[in-house]
Structures are given as structure tokens and as C-alpha cells.
Amino acid sequence: MIRILLISDNNIRTNRYKILFENNKYGFETMSDSLFICDYVQVSCPDIIIFDTESQIDFKSILKKIKPFCEKTVILLITSDNFADKELIKYANAFISKNANDDMVLGTINMNMRMKNSLEKLSETNKDLQDSLYRQNALYSTSSQFAGTLDKKKLINFMIEGIDRALSFSLTCTLSFCENEPVLLINSLHELSDELISALKLRTVLHYKSIFENQEIPYKLDIDKIKVIKHIKDNASRFTFDIFHYDNMFAPIRLGENFYGCVEIFKDAPFNSDDARCFQTIAQQVALPLKSASLYQEIKETNLKLEKLERLKSEFISIVSHELRTPLTSIKNALDILLTGKCGEINDAGYKFLDMAKRNVQRLSGIINDLLDLSKIEAGKMDFHFKNINIHQVVDYVKSTLSILAKEKGLELITDESENLPEIYADSQRLEQVLTNLVSNAIKFTPDGKKITITTRLQNAEDIEVHPYFQDEIAKLNGHYIVVSVKDEGIGIAEKDLLHAFDKFAQIENSLSRKVGGSGLGLPIAKQLLEAHNGAIWCNSKLEQGSEFSFAIPAVTSQKPQEPCLSIS
């Protein structure tokens, strides 16, 4: 019912409006005492107040006093045609002529009430829009926080803060399984008694079990062992069991089969459907980063285990290799003495077997040395002695050392070196080890009657062309490099196997590789030795057409040479 207050001391006009409004089912009151009017409006403000401006009442004083209490009230003035009080006019929403007939009066009332209702609806819509925008902002802010961390404890706290920003809760109970033990996080406006906390624990456990009704519960809960963490905003006040009469909402925190906990929120005011959607959205949003955080934690733990296993493996290899060297040295010395004939004459068959044993001892010694080098490199304990050297010295040493072996296999070992190459800042012994390994491999995998070519040249990193598999390695290079290549006419490597040529303990599978054997460590060791020189190694090959292994070392120019990398992982 529309409530109307008429302020007038004109009895004739008062009676006329009383009959008119009551006949049309409006609530009607009339007053003329200013003090009584102010008290009445403060207690129960009417929908419409009509001021009879021809009355002998101080309307201006009344309006100033009642204005704070009747912001949504329609103010109408009954005026004569020549009414001109500007101060009163500024308060009015509309005017009624004192000579207006009943239909005009009712029309003015109804029109202003429709306008009042429309404005109230618009105001309510604006408020809803404002609330919606605020929630959207809270959701966006919370999502941004979720994206910024992989700490599960922080993610749960961000979720609770987001719910508080969006919904202004009285209390939340969050059961979290994101730590080593189940934790009940209680965030409350006021302090809680121990009895109330026990009741909240029991309620949370019952909610948790209800989620998995007729299903296997992922975590067995002992209510007495649930750790409780409280965050209280106002310790001066205390909640009672009346909190259970507050409106509440509950949501699990899960993603598919991954379960991270649950959250319940209490509020002394009713929740609406928008509140429910916002609450469920935040609880769902946190589940994905929690899964990412769990995977990240698993990866970290796995990496730590792998690092430990790698360290143990390296230590084991080092210890075993050292333990093998001592008896192997004794065996080699004994074989050398026997082969000299100092212990008695040896027939041809005996000499053949002793020579075979000596070759295999040398082969085993080479494998042990490779294992030791690998363990030193992975432990970062490989010794380097860097100085300015000429690459020709390294090539000459390797050629003179392996020429006899190549000739025994009927192979031609030749060099094709550029003249006047700049020096390199390197450890000559380690480069000799690298080049020896490449040439030895070429000799092993090249059939009789073919040739092996060692070439050296100066190249800018931008001009080095490699197979796409090794493009990332070359992309790290910058400036001028001495490039050394070993090209053979051997069995070659299939394209799919090129990338695995530098893997530890890898040998490309074919009949010849099985025949010649080997530890599969030479190329990985060479790769890491070259990385210590700020260089790179790569290969190009085709089956049955030969292979070309190349490596690059920074050239020493007029500029300061690039410092070598001594930390090898």
C-alpha cells in the first residue's frame, strides 16, 4: 500500500484529500505540528509527502530536518498559479495545483510513484551491477594470484582471501590435504571456544565423508589428529554455537580424481545465487594450480632422487674403475714379461694367445680410463691446463700416433689443413683426446682400402652449416672458430640415429659396431670436453656413404679470448 502524508492546516483541503486517497486504497496521514512531523518521519518515512504551501507552517525548517530520512520519498507541493518560492521548489519532485481535480491529483500521485519505483529498480540494478563487477574483480585478482605461485599452502590462503574479498564471510573452515598432514584452517571474524572448534572439526569430517559416499575415501581421517590453524580478526568478540544458524555454503576442492580438501563458509546474511556461483568458481579455480603444484613437487622430488642416483652411479664407477686399474696393471706387466721370453720359451700358439690377452687388457684399460674421465667430468673434477696453442700441433700428434694403426687396417690417413690459422686458448691434451677418439672411431668403422681425412679451417659461427638436429648447439656460438673435421668413407649413420651419437653408452646398432665393440663413452666425453672449451661438436652422415664429425673451438683474436667453462654437469 502506498503511504501518503499531507502536511497542512487547511481542514477543508485535508478532508478532501483524506476522502480521495482512502477511497483509492492509499494509506493516508495528515499533520500540521512540525515536531510531531519530524518524529513521525524518522520512525516511518512515507512514500509521498504533500506540502500545502498555503498553510501557515514553516516548511523550510521541516524539510531541512527530515531530508536525511526521506531520500527515497517523493515530495509534492500544492501551490497556487503564482507560487515562486525558489527554496521550496528545489525540494519538490512535482507540483499539484490547488484547483486540480481529483483525476489530476491521482494522476500526479501515480506518475510519481511509477517514477519512484523505476528509480528504485534502476538503483537496485546498479547496485547488483556494482556487486557483480566487484566480484569479477575479486575473481580476476584471485586467479592472478593462483597463477603466480606453485606453493600449495599459499594457493589455499589465496583461495580463502579471495572468498573473503568477494563474499565477506563471518567464518570459513577449510580442510586441506596439501601438507604432510590434514590441516583445518579456520578463518573467523571473532574468537572461538574450544568446544566450538571441536564441533567445527566434527562437522568438517562429516562433510568430507559425505563427498565420498559409497566410494573409497582417499584419506583416512582421525579427528583427534587433525591439526587446527586459526586466524582471528577480532579477538575482543566471541562466536557462539549460534554460528550454525548462519547461512552457509560448502564445496569440495577437487579436479577429476585429484582431491585437495574442502571448504565451508558461514555468513550472518543470506547468500544469493550469485554468491553461490562465485564461491563455487573460486573453489574450482584453485584445484588446477594445486594439481600443477603437486606435479611440480613430484618433479622436484624425482629430480632430487635422480641427482642422488647419478651421484651414486658416478661414485660407483669411479671406485670400481680405480679398483680395476690396480689388478689390470699387474696383469699387463705380467703379460709384457711373458711376451719377452724372460720366463721361458713360448711357442707360436702361446704367443698368439698372450698377444690376444695383451690387446684385450689394453682395450679394457681404455674403457676404464673413459669411465674415470666421465666420472670426473660429471663431478666437475676434470683438470684443465689452458694456454694459447696452435691446432696444427694437436693434428700432427694425433696423425703420428694413429697412422700405424690406420696402415695396419689398409686405410689412408691424410690431413688437409688451412695455413696461418690463429691460435686457440685450450688444453692441448684434452683436444688430443677428443681428436684421437674421432679418428679412432673412423678407423674402427671404415672398411679396408678407404681413406680418412682430417681438415682444419677458420669459420665464423654464422657460416657453420650443420644438420638441424645440432642447430641449437651452433646457435650458442658467436664469433670466429677453428673447425676441425674427421671425414671417413665408412659405414655411416642413419639420420634417425644422428642425435643419439653423443648419448652415453650408446652405439649405433649394426653388424660392424657389434663386431668392434666399445664402451660408447668416447663421443659423450668429447662433447663435454668441448663444452668446457666453449666449443661444440656435431656430425653429418649417411648410411654406407661415410660420416663427418666436426668440432669448433673459439679462435684467439685481437679481442680478449672467451673464458673457458670449467663447470661441467
Report task. Quote the relative contact order of region 3-120 in percent (integer), defining contacts as alpha-carbon pairs under 8 Å separated by 6+ residues. Result -> 23
Requested in this report: Evaluate E = 1/(1 + (r/R0)^6) for Y219 and L150, where r is the Cβ-Cβ distance and R0 equals 25 Å; express this FRET efficiency to the nearest 0.05.
Outcome: 0.70
Query raised in the report: Over the chain, what is the relative contact order in whole percent, taking alpha-carbon pairs under 8 Å and six or more residues apart?
Result: 8
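Calculate for the chain the 222 nm mean residue ellipticity that helices alone would give, adding -39,500 (n - 2.57) per DSSP H run of length 4 or more and normalising by residue count, nearest 500 deg cm²/dmol.
Values: 15 runs with 271 residues, N = 569.
It lands at -16000 deg cm²/dmol.
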Report summary line: Any DSSP H helix in the chain with Cα axial reach of 20 Å or more and mean Kyte-Doolittle score of at least -0.5? Listed by number, the hits are 152-167, 194-211, 287-340, 348-379, 391-408, 428-444
Query raised in the report: If you take the beta carbon distance between L328 and D416 as r and set R0 to 30 Å, what does 1/(1 + (r/R0)^6) give as a FRET efficiency, to the nearest 0.05?
Result: 0.20
**Report entry** Positive-end extreme of charge dipole, the chain - chosen from Y40, I160, S118 (charges on Cβ)
**Finding:** I160
Query - Projected label distance in nm at T401 and D194, using a 7 Å step from Cα toward the beta-carbon - result: 7.9
Query - region 53-124: trypsin sites (Lys or Arg not before Pro) in DSSP loop, at most 16 other beta carbons within 10 Å - result: K72, K90, K98
Report task. Could you please report the charge total around T79, scoring K, R as +1 and D, E as -1 over all other residues with beta-carbon less than 13 angstrom from its beta-carbon? Result -> -1
Query raised in the report: What is the local net charge at R3, summed over the other residues whose Cβ is closer than 11 Å to its Cβ (Lys, Arg +1; Asp, Glu -1)?
Result: -2
Report summary line: Residues E432, E378, E419 in order from fewest to most other beta-carbon atoms within 10 Å are E419, E432, E378
Query - Alpha carbon centroid spacing (whole Å) that separates region 218-273 from region 377-445 - result: 71
Query raised in the report: When the Cα centres of region 140-180 and region 90-116 are compared, how far apart do they sit, in Å?
Result: 54
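With r as the distance between the Cβ atoms of S210 and N478 and R0 = 60 Å, compute the FRET efficiency 1/(1 + (r/R0)^6) and round to 0.05.
On the way: r = 64 Å, r/R0 = 1.06.
Efficiency computed from Cβ-Cβ geometry: 0.40.
So how do 232-243, 327-338 stack up, highest first, on mean other-Cβ count within 10 Å? If you can, show how the numbers build up before the last one.
On the way: 232-243: 12.2, 327-338: 13.7.
Sorting 232-243, 327-338 by mean packing, highest first, produces 327-338, 232-243.
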Report summary line: GluC sites (Glu not before Pro) in region 278-354 lying in a DSSP loop, each with at most 16 other Cβ atoms within 10 Å of its Cβ, come to E345
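Find the relative contact order for region 144-213 and round it to a whole percent, using C-alpha pairs within less than 8 Å whose residues are 6+ positions apart. Don't skip to the end; give the middle numbers.
On the way: 42 pairs, mean separation 14.5, N = 70.
RCO, region 144-213: 21 percent.
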Query raised in the report: Equivalent-ellipsoid semi-axes (√(5λ), Cα gyration tensor) for the chain, whole Å, largest first?
Result: 96, 32, 19
Report task. Pop a pseudo-label 7 angstrom from the Cα along the beta-carbon direction at both S97 and I12 and give the gap in nm to one decimal. Result -> 1.8
Query raised in the report: Where does the charge balance sit around I464 when Lys and Arg score +1, Asp and Glu -1, over other residues with C-beta under 11 Å from its C-beta?
Result: -3
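Values quoted throughout were computed directly from the atomic coordinates according to the rules given, and no laboratory measurement underlies them. Note that the coordinates shown come from a computational prediction; the quantities given were computed from them, not determined experimentally. Don't worry about glycine lacking a Cβ; one is built from the backbone with ideal geometry, like all the others, and counts go over all protein chains shown.
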